[in-house]
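*Asks:* Next up is a structure, given as structure tokens.
The values are calculated or read from the model by the stated rules, or taken from the named source; none is laboratory data. This one's a predicted model, so the numbers in the text were calculated from it and none came from an experiment. A quick note on method: Cβ atoms are made from the backbone with ideal geometry, for glycine too, and the neighbour counts reach across all protein chains shown.
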Amino acid sequence: MKKYIVAGNWKMNTSLQEGMQILENLIKIHQCKGFHPHTQIILFPPFTHLYPFSQLLDNTCIHLGAQNLSHHEKGAYTGEISAEMIRSTGATHVIVGHSERRIYHKENNQLLFEKVKTALNHNLTPIYCCGEKIQERKKNKHFDVVEIQITEGLFHLNEEEFRKVIIAYEPVWAIGTGETATPEQAQEMHRFIREIVEFRYGNDIASHLMILYGGSVKASNARGLFEQPDINGGLVGGASLRAEEFENIIKATY
Ligand code: PGA
């Protein structure tokens, strides 16, 4: 049976109290009963929420991750958060290279490769984000852009390391805009990603790779996207802040 991940990226939203409220609603609605072993749920709240969330999520089927990490181990890096700190909260995953980090914080593929390595060294599963801007798609450069992001950010990993990585394709023009890629556009890029991974790491690794789609996923379009053969779920921003909407996106994988 096809496997799915539905991940909620809360970005810089909610106070701790507001976040706890949403989480409590989600736990109540989802209940983790009628367990669906082929669908994994992961929440990426702000750093400040990780530890209290992990207490609430103990003994549930919902996993936890951070939205970013430092590539440094520790030391005099004021304001940074290390992989070890994230791991110590109970979180198991981390988003690396979200387009908002690439654009607003000038994170490049070389730095992101360091972050992926650091995450793996600390037993955190990275979700590595890639995706083109609208100008790049208009110039028909979207495949080149994504190939470079993946080659430079991931392809220096050895096979054992790469097996642990999840990729999220998030076209920048679809993030937070309400404009989703069509299932066909998303499938075409996911297929391309799987092909370049197959070329680099072989069929077994490529066929097991989880590739999530992100960019204005909501309950009304999730099923059409998730039905595509190379789409293994979604990285959901805005819609993950509403428990019922998020639950309906999760249900689109059943
Ligand atoms: P969105 O964000 O669902 O609000 O478009 C997705 C993301 O940035 O991960």
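*Asks:* Only one of these is part of a helix (DSSP H, G or I), within 21 Å of the chain's Cα centre (by Cα) and surrounded by 18 or more Cβ atoms within 10 Å (Cβ to Cβ): Leu43, Leu26. Name it.
*Replies:* Details: Leu43 fails: part of a helix (DSSP H, G or I).
Step by step, each of Leu43, Leu26 is checked, and only Leu26 is part of a helix (DSSP H, G or I), within 21 Å of the chain's Cα centre (by Cα) and surrounded by 18 or more Cβ atoms within 10 Å (Cβ to Cβ).
*Asks:* Next question, about the same structure. Mind listing whichever residues of segment 5-23 are more than 16 Å from the ligand (Cβ to nearest atom) and either touching a strand residue (DSSP E or B) at 6+ places or on another chain (Cβ under 7 Å) or not in a loop (DSSP other than H, G, I, E, B) (or both)? Give the steps one after another, and end with the answer.
*Replies:* So in segment 5-23, the residues more than 16 Å from the ligand (Cβ to nearest atom) come out as 15-21, 23.
Residues satisfying the conditions are Leu16, Gln17, Glu18, Gly19, Met20, Gln21, Leu23.
*Asks:* So in segment 176-216, with the set limited to residues that are in a loop (DSSP other than H, G, I, E, B) and under 30 Å from His156 (Cβ atoms), which one is farthest from the chain's Cα centre (by Cα)?
*Replies:* The extreme case among them is Gly202.
*Asks:* Find the residue count for segment 9-22, including only residues that are closer than 18 Å to Asp58 by Cα and touching a residue at least 40 places away in the same chain (Cβ under 8 Å).
*Replies:* The first filter runs over segment 9-22 and keeps only residues closer than 18 Å to Asp58 by Cα, leaving 16, 19-22.
Next, from what is left, pick out any that are touching a residue at least 40 places away in the same chain (Cβ under 8 Å): 22.
Number satisfying all stated conditions: 1.
A quick yes/no check of all residues on (1) modelled with pLDDT of 95 or more; (2) touching a Lys or Arg at 6+ places or on another chain (Cβ under 9 Å); (3) hydrophobic (A, V, I, L, M, F, W, C); (4) within 30 Å of Pro46 (Cβ to Cβ):
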site: Glu195; (1), (2), (3), (4): yes, no, no, no
site: Tyr201; (1), (2), (3), (4): yes, yes, no, no
site: Ile205; (1), (2), (3), (4): yes, yes, yes, no
site: Ile231; (1), (2), (3), (4): yes, no, yes, yes
site: Tyr254; (1), (2), (3), (4): no, no, no, yes
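*Asks:* If you don't mind, there's one more thing I want to ask. What strands (runs of 3 or more DSSP E) completely inside segment 77-172 contain at least 2 residues that are touching a Pro at 6+ places or on another chain (Cβ under 8 Å) and under 21 Å from Gly237 (Cα atoms)?
*Replies:* So the answer is 93-96.
*Asks:* Another question about this same structure. Scan segment 179-208 residue by residue and report those that are in contact (Cβ under 8 Å) with a residue 24 or more places away in the chain and within 21 Å of Arg102 (Cβ to Cβ).
*Replies:* Result: Glu179, Thr180, Ala181, Ala186, Met189, His190, Phe192, Ile193, Ile196, Val197.
*Asks:* Quickly run through segment 157-192 and pick out the residues that are acidic (Asp, Glu) and surrounded by fewer than 22 Cβ atoms within 10 Å (Cβ to Cβ). Walk me through it before giving the result.
*Replies:* Within segment 157-192, the first condition is being acidic (Asp, Glu), and the residues that meet it are 159-161, 170, 179, 184, 188.
Passing the criteria: Glu159, Glu160, Glu161, Glu179, Glu184, Glu188.
*Asks:* Can you tell me how many residues in segment 109-131 are more than 16 Å from the ligand (Cβ to nearest atom), farther than 26 Å from Tyr51 by Cα and in contact with an Asp or Glu (Cβ under 8 Å, 6 or more places away or on another chain)?
*Replies:* Summing the residues that are more than 16 Å from the ligand (Cβ to nearest atom), farther than 26 Å from Tyr51 by Cα and in contact with an Asp or Glu (Cβ under 8 Å, 6 or more places away or on another chain) in segment 109-131 gives 3.
*Asks:* Against the condition more than 15 Å from Val146 (Cβ to Cβ), within 16 Å of the ligand (Cβ to nearest atom) and either touching a residue at least 24 places away in the same chain (Cβ under 8 Å) or in a helix (DSSP H, G or I) (or both), how does Leu225 come out, does it pass?
*Replies:* In short, yes.
*Asks:* Any residue at all in segment 237-249 that's within 11 Å of the ligand (Cβ to nearest atom), closer than 12 Å to Ala186 by Cα, in contact (Cβ under 8 Å) with a residue 60 or more places away in the chain and not in a strand (DSSP E or B)?
*Replies:* Scanning segment 237-249, I find no residue that is within 11 Å of the ligand (Cβ to nearest atom), closer than 12 Å to Ala186 by Cα, in contact (Cβ under 8 Å) with a residue 60 or more places away in the chain and not in a strand (DSSP E or B), so the answer is no.
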